[in-house]
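Shown next, in structure tokens, is the structure this report addresses.
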Amino acid sequence: MWNQIADRISQVTGEKFQVKERRSVSGGCINQGYALIGNGSTYFVKLNQASQVDMFEAEALGLKQMLSTHTIRVPVPICWGVIDRSSYLVMEWLEFGSPTTRAWEQMGRQLAAMHQAGGSAKFGWERNNTIGSTPQINTWTENWADFFAEHRIGYQLQLAKRRGGSLPDYFQVVEVVREHLADRTPKPSLVHGDLWSGNAAVTSAGEPVILDPATYYGDREVDIAMTELFGGFPAAFYRGYNEVFPLEEGYQQRKTLYNLYHILNHFNLFGGGYGSQANRMLQQILSGK
Ligand SMILES: Nc1ncnc2c1ncn2[C@@H]1O[C@H](COP(=O)(O)OP(=O)(O)OP(=O)(O)O)[C@@H](O)[C@H]1O
């Protein structure tokens, strides 16, 4: 299989690539990561079962879409497909370094520029993708409140019900979410979609980079909300972001709603205490606080 992947890399890049060494890269939960080292070039390869090829294709197309904005660095996808029983995604290898305050500030500015780049009149994306390993529904929708209420919260609630979670009534929640967002009419921004600290890094040359996206066109605030969910990014990141594209009034209230999506998804993926956390957030939202 590795030789076939090397042949595909050679075909796509136009430069003969032969594997000299292969190293396992730890860090991901969903896929197995490898460094493929050749003479003078290295690639990062993710592997999964053959059935997961759509997930890799969506990731590659999301990375391409972000690249097309020329705003923030993301790993360049090279090729993907199925060989034998495995699906694979090959991308540019990145050397990571320690982030400086300057790099965080620049990441904020560059993410803001990506959010400003435009490119769609509707919310959604050209295909469904995944958030973690959960399907993420990206049906094109005119109205942000409808999109987020139905395709983000509603979809996760349905999955949670099937998982046996005791969460408030689906219709009540979806309607309350729709109401809460009724006055929110953002321009569709290309968002990363899964921007926690594990998916943000800095190269050894000091350049900010964002990885492993769950791209779609949505309210830019979903990315900022998620950066705050598991501990937050350094203050320099928010300073840089607000310099270019200041957050609007009401963000603090919407933040809980936007992060509820990820907590419901964590409940669906991992169960445990995420169910009670989702319930607390839902109660807060339903009581209008
Ligand atoms: N282009 C790259 N070059 C070098 N190392 C990388 C690259 N992309 C990711 N990595 C390393 O591999 C690890 C896993 O990558 P990633 O998070 O994309 O995998 P995943 O299995 O899809 O993730 P997850 O389970 O977090 O959704 C990262 O933490 C990072 O250290």
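The values are calculated or read from the model by the stated rules, or taken from the named source; none is laboratory data. Since the structure is predicted, the reported quantities are computational estimates derived from the model, not experimental observations. Neighbour counts are summed over all protein chains in view; Cβ atoms, including those assigned to glycine, are modelled from backbone coordinates with ideal geometry.
Just one of ALA200, ALA236 is in contact with an Asp or Glu (Cβ under 7 Å, 6 or more places away or on another chain) and surrounded by 16 or more Cβ atoms within 10 Å (Cβ to Cβ); which is it?
Working: ALA200 fails: in contact with an Asp or Glu (Cβ under 7 Å, 6 or more places away or on another chain).
Step by step, each of ALA200, ALA236 is checked, and only ALA236 is in contact with an Asp or Glu (Cβ under 7 Å, 6 or more places away or on another chain) and surrounded by 16 or more Cβ atoms within 10 Å (Cβ to Cβ).
Tell me which residues, restricted to region 79-95, are farther than 13 Å from GLN49 by Cβ and more than 16 Å from the ligand (Cβ to nearest atom).
Hit for region 79-95 is GLY81, nothing else.
Need pairs with beta-carbon distance below 7 Å; first residue farther than 17 Å from SER87 by Cα and within region 11-33, second of a type in the set (D, E, K, R) and in a loop (DSSP other than H, G, I, E, B); sequence gap 6+ or separate chains.
No pair meets every condition.
When you go through (1) in a helix (DSSP H, G or I); (2) within 16 Å of the ligand (Cβ to nearest atom); (3) in contact with a strand residue (DSSP E or B) (Cβ under 6 Å, 6 or more places away or on another chain) one by one for GLN4, which number turns out not to apply?
For GLN4, the failing item is (2).
Is region 18-38 home to any residue that is within 26 Å of VAL202 (Cβ to Cβ), of a type in the set (D, E, K, R), surrounded by fewer than 13 Cβ atoms within 10 Å (Cβ to Cβ) and away from the ligand (no atom under 14 Å from the Cβ)?
Yes; the residues of region 18-38 include at least one that is within 26 Å of VAL202 (Cβ to Cβ), of a type in the set (D, E, K, R), surrounded by fewer than 13 Cβ atoms within 10 Å (Cβ to Cβ) and away from the ligand (no atom under 14 Å from the Cβ).
Between residues in region 163-177 that are closer than 21 Å to THR134 by Cβ and residues that are among the hydroxyl-bearing types (Ser, Thr, Tyr), which pairs lie under 7 Å by C-beta distance while being six or more apart or on different chains?
Pairs that qualify, where the first residue is closer than 21 Å to THR134 by Cβ and the partner is among the hydroxyl-bearing types (Ser, Thr, Tyr): there are none.
Looking at (1) within 16 Å of the ligand (Cβ to nearest atom); (2) hydrophobic (A, V, I, L, M, F, W, C); (3) under 28 Å from TYR238 (Cβ atoms), find the lone condition where PHE123 falls short.
Status for PHE123: all satisfied but (1).
Within region 39-69, restricting attention to residues that are among the polar types (S, T, N, Q) and within 19 Å of TRP2 (Cα to Cα), which residue is farthest from the chain's Cα centre (by Cα)?
Here is the first cut: in region 39-69, the ones among the polar types (S, T, N, Q) are 39, 41-42, 48-49, 51-52, 65, 68-69.
Keeping just the survivors that are within 19 Å of TRP2 (Cα to Cα) gives 39, 41-42, 48-49, 51-52.
Working: ASN39: 32, SER41: 27, THR42: 24, ASN48: 18, GLN49: 21, SER51: 20, GLN52: 17 Å.
Applying the filter and picking the extreme gives ASN39.
Can you go through GLU150, GLU221, GLU142 and tell me which one is surrounded by 20 or more Cβ atoms within 10 Å (Cβ to Cβ) and closer than 20 Å to SER120 by Cα? Please lay out each step first, then the result.
Details: GLU150 fails: surrounded by 20 or more Cβ atoms within 10 Å (Cβ to Cβ); GLU142 fails: surrounded by 20 or more Cβ atoms within 10 Å (Cβ to Cβ).
Of GLU150, GLU221, GLU142, the one residue that is surrounded by 20 or more Cβ atoms within 10 Å (Cβ to Cβ) and closer than 20 Å to SER120 by Cα is GLU221.
What strands (runs of 3 or more DSSP E) completely inside region 80-139 contain at least 1 residues that are among the aromatic types (Phe, Trp, Tyr) and crowded, with 22+ Cβ neighbours inside 10 Å? Outline the logic, then answer.
Numbers: elements: 86-92, 129-131, 134-136.
The strands (runs of 3 or more DSSP E) meeting that bar are 86-92.
Take the conditions over 24 Å from the mean Cα position of the chain (by Cα), farther than 16 Å from PRO213 by Cα and part of a strand (DSSP E or B) and apply them to LEU36. Does it pass?
Working: over 24 Å from the mean Cα position of the chain (by Cα): yes; farther than 16 Å from PRO213 by Cα: yes; part of a strand (DSSP E or B): yes.
Criteria met by LEU36.
For region 177-233, please list each of the strands (runs of 3 or more DSSP E) lying entirely inside it that holds at least 3 residues being assigned by TED's automatic domain parsing to the domain that holds SER120, away from the ligand (no atom under 16 Å from the Cβ) and under 20 Å from MET66 (Cα atoms). Working first, answer last.
Working: elements: 189-191, 200-202, 208-210, 216-218.
Here the list reads 189-191, 216-218.
Answer yes or no as to whether PHE44 is under 12 Å from GLY81 (Cβ atoms) and either within 10 Å of the ligand (Cβ to nearest atom) or part of a strand (DSSP E or B) (or both). Break it down into steps so the answer makes sense when it comes.
Working: under 12 Å from GLY81 (Cβ atoms): no; either within 10 Å of the ligand (Cβ to nearest atom) or part of a strand (DSSP E or B) (or both): yes.
Considered against the rule, which asks whether it is under 12 Å from GLY81 (Cβ atoms) and either within 10 Å of the ligand (Cβ to nearest atom) or part of a strand (DSSP E or B) (or both), PHE44 comes out as no.
So which residues in region 11-33 are assigned to a strand (DSSP E or B) and in contact with a Phe, Trp or Tyr (Cβ under 9 Å, 6 or more places away or on another chain)? Show your work before the answer.
Quick first cut of region 11-33, residues assigned to a strand (DSSP E or B) only: 21-25, 32-33.
Matches in region 11-33: ARG22, ARG23, SER24, VAL25, GLY33.
When THR71 is evaluated against the numbered criteria (1) of a type in the set (S, T, N, Q); (2) more than 12 Å from the ligand (Cβ to nearest atom); (3) surrounded by fewer than 18 Cβ atoms within 10 Å (Cβ to Cβ), which criterion, by number, is the only one it fails?
(3)
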